[in-house]
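Please treat every number below as a calculation from the coordinates, not as lab data. What you see is a predicted model; the values in this text were computed from it and never measured. Glycine also receives a Cβ, built like all others from the backbone with ideal geometry; neighbour counts cover every protein chain displayed.
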């Protein structure tokens, strides 16, 4: 469970890092259609990273509860 929490947190970190990179590209892009597509992609990645962070917290809490009940 703790491994899942760590992997979820790392996944969330990398997805949010990609969203920031997309936002940087978005600022330099002048074509409106491409800007809109990049903006949608960045929003989706932000949403995914939030869910991955939430999942990592839930796995961490579950690990603490399981370890607490074992001891």
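Output the 0 to 90 degree angle, nearest 10, between the alpha-carbon long axis of helix 32-70 and the longest principal axis computed from the alpha carbons of the chain. Compared with the principal axis, the helix lies near 10 degrees. Extension gain, residue 23 to residue 69, is 12.1 nm, computed as 0.36 nm per intervening residue step minus the present C-alpha separation. Each 5 Å bin, from zero up to the one with the longest distance, holds this percent of the alpha carbon pairs of the chain: 3, 19, 19, 15, 12, 9, 9, 6, 4, 3, 1, 1.
How large is the helix-only mean residue ellipticity at 222 nm for the chain, computed as the sum of -39500 (n - 2.57) over DSSP H runs with n ≥ 4, divided by its residue count, in deg cm²/dmol to the nearest 500? Kindly include the intermediate steps, with their values, before the conclusion.
On the way: 2 runs with 66 residues, N = 71.
Result for the chain: -34000 deg cm²/dmol, rounded to the nearest 500.
Against the chain, whose longest principal axis is taken from its Cα atoms, helix 2-28 shows a tilt of about 10°. Each of 14, 59 was scored by other Cβ atoms within 10 Å of its Cβ. Arranged with the fewest first, they read 14, 59.
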